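To keep things clear, I will list the structure first and then write my remarks on it.
What follows is calculated from the coordinates using simple rules that are stated; it is not laboratory data. All figures in this text were calculated on a predicted structure; none of them were measured in a lab. Here Cβ is always computed from backbone atoms with ideal geometry, including for glycine, and neighbour counts include all displayed protein chains.
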Amino acid sequence: MEPSLKLLKIGLVKMFHLNDMLFAITADQGGWELFKNSLLPMIKGGIKYTIPLTLISFVAGLILALLTAIMRLSKSSIVRTPAIVYVSAIRGTPLLVQLFIVFYGLPSLNITIDPFPSAIIAFSLNVGAYASEIIRASIISISKGQWEAAYTIGMTQNTALRRIILPQATRVSIPPLSNTFISLVKDTSLASLILVTELFRRAQEIAAVTYDFMLIYIEAAILYWIICFLLSIVQQAIEKRLERYTAT
Amino acid sequence: MLLSIKGLAKSFNELEVLKDIEVEIEKGKVLSIMGPSGSGKTTLLRCLNALEQPDRGIFTFDDGLTLNFEKKISKQDALRLRRKSGMVFQSYNLFPHKTALENVTEGPIIVQKRNKADVQELAESLLEKVGLKDKMNLYPHQLSGGQQQRVGIARALAIEPELMLFDEPTSALDPELIGEVLTVIKDLAKENWTMVIVTHEVQFAEQVSDEVIFMDGGYIVEHGPPDKVLKAPREQRTQQFLQRILNPS
Ligand SMILES: Nc1ncnc2c1ncn2[C@@H]1O[C@H](COP(=O)(O)OP(=O)(O)O)[C@@H](O)[C@H]1O
Ligand SMILES: [Mg+2]
């Protein structure tokens with residue numbers, strides 16, 4: 001089958017493979033009843049896709065970011081340049097375009113990846129680039145005296161980085177990284193456009209049946225808001241804890 | 001003799017900071033370095049600790065290690081040089097995420113891979129020596145400047161260096177905290193540690209030093225025992241400098 005036809009087939013199957021719960025929703029429902037009936041499918045989309053997508057991409061992105069940040073601090077331009085190009089390319093292009101390249105673009109090179117892993121790849125690469133800038137800045141923010149103190153007790157550059165610099169840089173980078181995390185939760189809604197049935201795709205599917213766009217999309221917005229609100233409480237708690245150790 | 005330095009020179013870009021420095025460091029003796037700000041004292045200490053790479057010069061140690069800086073020395077040689085000395089910084093540079101005790105044990109455990117229980121015992125005795133055994137589980141930000149600097153001294157002693165380097169160890173301290181740090185250094189002198197100390201404390205230098213160097217403009221201007229250099233300096237520049245710090249205003 002032509003790759004594009006195959007894709008279309010995947011898309012159609014996904015679209016009409018509506019969950020049992022969606023059959024409880026019909027066009028003649030309205031108001032509160034529709035709101036209630038839509039809640040479960042959306043939350044299910046959130047738990048099954050939005051949250052795992054966020055968590056996996058964030059962790060993979062952080063690993064990539066640490067690697068990139070360390071490469072960018074290297075004295076060798078052969079090591080530095082790929083990292084610089086990667087960060088520049090990701091920061092200079094829209095996330096949606098990155099998603100489309102992975103999901104709709106790669107099949108023409110005979111690489112076909114399912115929607116969910118495609119989203120993981122695109123989001124991880126995206127987080128990796130932005131977070132590497134945060135980590136790099138936090139490494140640079142640690143005073144030169146800390147490196148030198150580490151050297152004078154005999155440490156090599158790698159040991160100094162691992163034992164002395166990174167633990168301090170981590171504390172500096174946690175507040176901006178938690179902002180990245182919260183942005184990522186919201187950005188995962190773009191995965192709906194590559195057919196991942198996450199929270200917002202569920203909302204679109206329901207709205208397509210009921211035509212009650214305002215109600216359904218407001219409902220989706222509230223759900224995102226609740227997730228981000230809870231995360232910001234966690235963020236504040238972590239920052240309070242960190243303050244205890246970073247006083248200088 | 002522990003170390004002999006010959007023809008040491010160092011420039012930063014166009015600025016010649018050290019010009020043909022010759023020094024001999026005797027085992028078990030205290031050498032103090034004085035001189036106006038910008039005369040190259042810190043740079044000299046940093047060369048001894050391989051934090052700066054000299055442009056020229058030869059270091060000869062009593063164990064046969066010889067480093068000629070005419071060409072860039074290898075990473076291993078820089079590490080060998082660095083591991084001979086411990087450094088105490090003007091701004092302490094303690095590791096803020098580690099307790100006083102962990103600051104002291106970090107070098108012996110992580111770098112020297114020594115037995116943890118032994119190092120724990122060593123670190124506690126070093127902190128006792130600097131009068132901070134009861135504060136060993138506190139973090140640097142919970143300590144006063146004088147206490148932090150004493151932890152800094154214990155951290156440098158813990159790697160058991162042959163040579164201790166002090167770069168204005170009391171310059172960042174409030175006047176009432178200077179004494180406690182100087183007392184610790186005097187105790188080390190009594191234990192015959194080999195030390196190079198950059199300081200502006202004239203009275204302390206008189207008491208603790210076996211030899212004093214006066215530097216100006218990247219040169220050693222005057223060099224001798226403290227009762228000569230500090231009490232009866234020959235050079236006009238030394239006289240003027242001492243005049244200024246003994247009678248400020
Ligand atoms: N890393 C550096 N880059 C450029 N100039 C430096 C550097 N370190 C020191 N200098 C300059 O070298 C001179 C001597 O500095 P320093 O050794 O710190 O003197 P001192 O400790 O006697 O005050 C000063 O003019 C200082 O500005
Ligand atoms: Mg100095």
Estimated FRET transfer efficiency (B:Asp118, A:Lys144; beta-carbon r; R0 41 Å; 0.05): 0.80
GNM top mover of B:Gln120, B:Gln236, B:Gln90 - chain B, alpha-carbon springs below 10 Å: B:Gln236
Amide H within-cut-off set for B:Val88, under 5 Å, with H built and near neighbours excluded: B:Leu165, B:Phe166, B:Asp167
Amide H within-cut-off set for A:Met155, under 5 Å, with H built and near neighbours excluded: none
Ascending count of other beta-carbon atoms within 10 Å, so fewest first, for A:Thr152, B:Thr170: B:Thr170, A:Thr152
The stretch A:25-164 - percent relative contact order, Cα under 8 Å, separation 6 or more: 30
Sequence-distant residues sharing a close amide H with B:Arg83 (under 5 Å, placed H): none
B:Lys27-B:Glu128 pseudo-label distance in nm [points 7 Å out on the Cα-to-Cβ vector]: 2.8
Estimated Rh, the protein assembly as shown: Kirkwood, alpha-carbon pairs, angstrom: 27.3
Efficiency of FRET between B:Lys6 and A:Glu243 - r from beta-carbon atoms, R0 56 angstrom, step 0.05: 0.60
Where labels lie 7 Å past Cα in the beta-carbon direction, separation of A:Trp32 and A:Asp114 in nm: 4.0
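Run the helix sum for chain A: -39,500 (n - 2.57) per DSSP H stretch of 4+ residues, divided by residue count, reported at 222 nm to the nearest 500 deg cm²/dmol.
-24000 deg cm²/dmol
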Shielding by partners - mean other protein chain Cβ count within 10 Å, residues of B:104-112: 4
Surrounding net charge for A:Ala83, when Lys and Arg each add one and Asp and Glu each subtract one, Cβ distance under 12 Å: +2
Mean separation of Cα contacts under 8 Å, 6 or more apart, over the residue count of chain A: relative contact order %: 28
For chain B, built as a Gaussian network whose Cα springs stay under 10 Å, the top-fluctuating residue of B:Lys186, B:Lys116, B:Lys133: B:Lys116
Nearest-0.05 FRET efficiency for A:Asn158 and A:Ala221, computed from C-beta distance (R0 51 Å): 0.65
Gaussian network model of chain A, springs between alpha carbon atoms under 10 Å - residue of A:Ala129, A:Ala221, A:Ala203 with greatest fluctuation: A:Ala221
Quotient of C-alpha Rg and 2.2 N^0.38 Å, computed over the stretch B:60-193: 1.10
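Which order results if B:His97, B:His141 are arranged by neighbouring Cβ count within 10 Å, fewest first?
Lowest count first: B:His141, B:His97.
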Alpha-carbon Rg/Rh ratio, for the stretch B:155-249, with Rh computed the Kirkwood way: 0.97
Spacing of the two label points (7 Å from each Cα toward its C-beta) at B:Asn68 and B:Asp20, in nm: 2.0
Exposure proxy ranking, count of Cβ atoms within 10 Å, fewest first, for A:Thr68, B:Thr60: B:Thr60, A:Thr68
Over chain B, relative contact order from alpha-carbon pairs under 8 Å, at least 6 apart, %: 25
Separation between Cα centres of the stretch A:34-95 and the stretch B:17-89, rounded to whole Å: 47
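Per residue of B:88-99, what is the mean number of Cβ atoms on other protein chains within 10 angstrom of that residue's Cβ?
Rounded to a whole number, the mean comes out at 5.
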Extent along principal axes [Cα atoms of chain A; Å; largest to smallest]: 75, 47, 24
Vicinal HN-Hα couplings computed from phi for the stretch B:130-142 (Karplus, 6.51 cos²θ - 1.76 cosθ + 1.60; Hz; Gly/Pro x): 8, x, 10, 4, 6, 10, 5, 9, 8, 8, x, 5, 8
